[in-house]
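Computed from the coordinates by the stated procedures, all read-outs in this text should not be read as laboratory data. Here the structure is a predicted model, which is why all the values come from computation and not from measurement. Heads up, the Cβs are rebuilt from the backbone with ideal geometry, glycines too, and the neighbour counts pull from every protein chain shown.
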Amino acid sequence: MNFPDQSLAVEANGLVKTFGSFRALDGLHLGVRGGEVHGFLGPNGSGKSTAIRILLGLYHRTAGSVRVLGLDPEEHPAEVTRRVSYVPGEVQLWPNLTGQEVLDALAGMRGRYDPVAERRLVDVFALDPSRKVRTYSKGNRQKVILVAAFAARTDLLVLDEPTAGLDPLMETVFSSEVRAAAAEGRTVLLSSHILSEVDQLCESVTIIKDGRVVESGKVAQMRHLASSTITAAVPVGRRSALFESLIRLGIEVPGAFDPGTSETSTSDATVWPLTIRASVASVGAALGELLAAGADSITCTPATLEDLFLRHYEVLAR
Amino acid sequence: MSALLQLFWRRNRSWMLAWILIVGLLSAAGPPTYAATYLTDQDRAAATSAAQHNAATTVLYGRLGSPGTPGQMFSWELGTFLTLIAAVMAVLLAVSLTRRLDEDSTFELGRGSGLSSRTLAVAAVAFLCATGFVVGLACTLATGLYTGKINGVDWAGAGVLGLVVALTFTVTGMLTALIAQLVPTSRAAASTGGALVAVGVVIRAVADSGPILWLRWLSPMALRSVADPFMLDRVMALAPALIETVALACVAVAVAQHHDLNASLLHSASHRSSRLHVHTTYGLVWRLIKARLYWTTALVAMGGMGFAYLGSATIDNARTGRIGGGLLGAQITGTDPGTKYFVYSGTVLALVLSAVTVTLVTQTIRDENSGLAEHIRSTGTRPSALLKAYLLVTLASSILILTLTGLATALVATSVIPGDQVFGAALHGVVDQWPALALVIACAAVVTAAIPRAAWLAWLPLAIGGTLTMLGGVFRVPDRIIDLSMFGHTTSGVAPTTGAAPQLILLCLTAAGIMLALARIGHRDLA
């Protein structure tokens, strides 16, 4: 089951996909190491689902190269998908079959699944498999496909918005199953808009926009490179000197030159609330300046995935 | 309201236009065909007398009045099919405007956009009424154009026939719109609506055969018998149907106002503990379409038996030279009317079965669009697996259905038609149509694989082939053109060229089409 030597389970280089004149992917690069949980983020219409479908051989690429589990999905679509569990973004199932019959059909066609794991997953996801699919809610349809995906004996899980429709309790179950899959050595490519979920589960992420990668790497490293947010309560009488010191460090101080922030302002307050963003290189010096200025209630928060992500969200409709 | 009506039109226009066109074409082709069928007035009178005393034709079409003008014969025989087409179309449209919109959340969107359930229901019944009017108008105009040119055809009769077709449509449609709110799924609604149409046909048959004439007032399928177009033209006899339409529409709207989204009065079993033992795409496809195939087998076999039951009088008329032209004349006159009649009836059955097979093969496209194909593909199946499964199951089922139908037809035929080779002729008349059917299936597969966004093209070979074979002779289309149709090239068929050679060509074309389709589908994106 383990992908050998932590080499790349998914590798896409210069991936281009056009639909007529529309360029859905524009030279996308994606690398997912074997055994890791990799977040795949991007605004709506950024090309995530298109990229996933190319990885599974469901779409043909216009240009570029792709290897999934060492194989080209366009050349060997069946060989690739036999080793991949896929949860699509929109789950539609056969309405006249029961949940169990859908699980049986998918497992039977794949030929590689773990019946014990399936029973356990049906229990933990609290799924009633004897009900006909047409009576299922969106969340229950999602559960059927999640059970099928986790119970299949595959090396790679490709999950496109897998928790859409799940309640918070089931989201927790999902997270623990992803961790268990990763612990077994399975690779997980997780496309999601729930940033807290990605933040908790993923070791690395790729953020794409307009069909191109805008950020990619280990989450911890990306946090490290991004600005931290520092808040403090600064004595009013020391503001001007502190601001000058911070500006000398290259830190932007919001409202530093507003008339209300000078020592001669008529406000009765004795402390001034301050929020600044400092790069990893200047955090230490900034904290030192704050302490020297007698600042109180100092907090320093590293960048969240949300911070990393939201700055790429401002996009034109595609 | 107008936006809703536009939405209904946009969602249904393609198949609605096709059905309205069929009604128009049948109405236009009918009168001249019946005018040309019999060589002399004496032949027509004899055929009319035979039909009036034939229990089988009475069961199928009702009572034929005297003197049996072409207009009367058209209304009696083809009018029965026109009302049947209108009723089936009404069932499909009513389900599409009610339960299906509930299932796909369109009603929820509408309610969420400020539309009341009453508005939605009123729009649905208004659309049904408007469609019924258009279908009736198509029938009236296409038939009425022969006024003064064909004996027995006049505008009054054409108007009454159009009204019969329109009211059959609206009564059936309103009844189905009401039922669709009581049953849990669109499939159940369509099945129940279809069953009611079948019950209506049976009531009409019993009423005419009995005769128990009052029974005719209970069935929308008996409106033609009641009004008797081109003879008595009883417009006022249709007033109860109009009142029924209005009453059913009011009840349907009233029920809709008290109907929660996705709710139903009747419930089907929603739990089942069975397991599904499938290991291939073939197994899954068989499981998904087997119910449709069982129903198709039953209906096509019943059609074959019906044709066999009706055959004795028709073959007798052809043998004695009473039939010389028209649709029947073009198909069954010649050296051996018996054999030709069975090939003709087999061709009709093959056309019906072809329509079912086209819907089955193009199901691949619908599965791709709905995302179901994605699940199948992601289990490690090849890109061509789903189409291959639909193809194989459809091809195998079609030969099985034709064989069963052929046997059923042959058994009935031997009991009602004298002759030594009736069994063989009846069996071959049906079974020999398989190469034509296979080619229709292959053409549908090519369209599915190559141009899934233009799925309607899958119907073209069937429509063109069927029209050429059935109507080519009537419209004096050259033989070499009629020969291009895939239908009728049986051992002793209705096509100009018959025998093993054309059958072999059909099979070669089928093989080429299937290979092309399977090769192409692997090179395109999922639809």
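General observations
- Cβ crowding within 10 Å ranks A:Leu190, B:Leu213 as B:Leu213, A:Leu190, fewest other Cβ atoms first.
- Aspartates and glutamates whose Cα lies under 20 Å from that of B:Lys388, excluding same-chain neighbours fewer than 8 positions away: A:Glu74, A:Glu75, A:Glu79, B:Asp367, B:Glu368, B:Glu374, B:Asp525
- Scaling the Cα radius of gyration of chain B by the globular reference 2.2 N^0.38 Å produces a ratio of 0.99.
- Anisotropy class of the range A:1-144 from Cα gyration tensor, a/c 1.5 cut: prolate
- Counting only other chain Cβ atoms within 10 Å of each residue's Cβ, the peptide A:86-94 averages 4.
- Sorted ascending by nearby beta carbons within 10 Å, beginning with the fewest, B:Lys290, A:Lys48 become B:Lys290, A:Lys48.
- Efficiency of FRET between B:Leu218 and B:Ala500 - r from beta-carbon atoms, R0 35 angstrom, step 0.05: 0.10
- Two-site FRET efficiency, A:Gln200 against B:Met302, from Cβ-Cβ distance with R₀ of 51 Å, rounded to 0.05: 0.25
- Candidate lysines for bridging to A:Lys143, where Cα separation is under 25 Å - those fewer than 8 sequence places away on the same chain excluded: A:Lys48, A:Lys132
- Taking packing as the residue-averaged number of other Cβ atoms within 10 angstrom, the listed peptides A:167-174, B:215-222 run from highest to lowest as B:215-222, A:167-174.
- Value of Rg to Rh for the protein assembly as shown, rounded to two decimals, is 1.11; Kirkwood radius and Rg both from alpha-carbon coordinates.
- Averaged over B:504-516, number of beta-carbon atoms from partner chains that fall within 10 Å: 0
- The HN-Hα couplings worked out from phi for the range B:224-236 by the Karplus form 6.51 cos²θ - 1.76 cosθ + 1.60 (θ = phi - 60°) are 5, 4, 5, 7, 6, x, 6, 10, 9, 6, 7, 5, 5 Hz, whole numbers, x standing for Gly and Pro.
- Neighbouring Cβ atoms from other chains, within 10 Å of the Cβ of residues in B:362-375, number 3 on average.
- With the highest mean first, a sort of the peptides B:447-457, B:345-355, A:84-94 on other beta-carbon atoms found within 10 angstrom per residue produces B:345-355, A:84-94, B:447-457.
- Aspartates and glutamates whose Cα lies under 13 Å from that of A:Lys209, excluding same-chain neighbours fewer than 8 positions away: A:Asp26, A:Glu314
- Counting only DSSP beta bridges with both residues in the protein assembly as shown, the antiparallel share comes to about 70 percent.
- Gyration tensor (alpha-carbon) shape descriptor, the range B:159-221, a/c threshold 1.5: oblate
- Interchain or long-range residues, amide H under 5 Å from A:Leu8's placed H: A:Gly34
- Here the label points at A:Ser137 and A:Lys218, each 7 Å from Cα along the C-beta direction, are separated by 4.0 nm in the simple model.
- 15 Å cut-off, amide nitrogen to a point 7 angstrom out along B:Ala512 Cα→Cβ, residues in the range B:455-486: B:484-486
- Distant-in-sequence amide contacts of A:Val271, defined by a placed amide H-H separation under 5 Å and a gap of 5 or more residues or a different chain, comprise A:Val236.
- Spin-label pair A:Ala164-A:Ala292: with each label point 7 Å from Cα along the Cα-Cβ axis, the two points sit 5.3 nm from one another.
- Neighbours of A:Thr187, meaning other residues whose beta-carbon lies under 9 angstrom from its beta-carbon, give a summed charge of 0 when Lys and Arg score +1 and Asp and Glu score -1.
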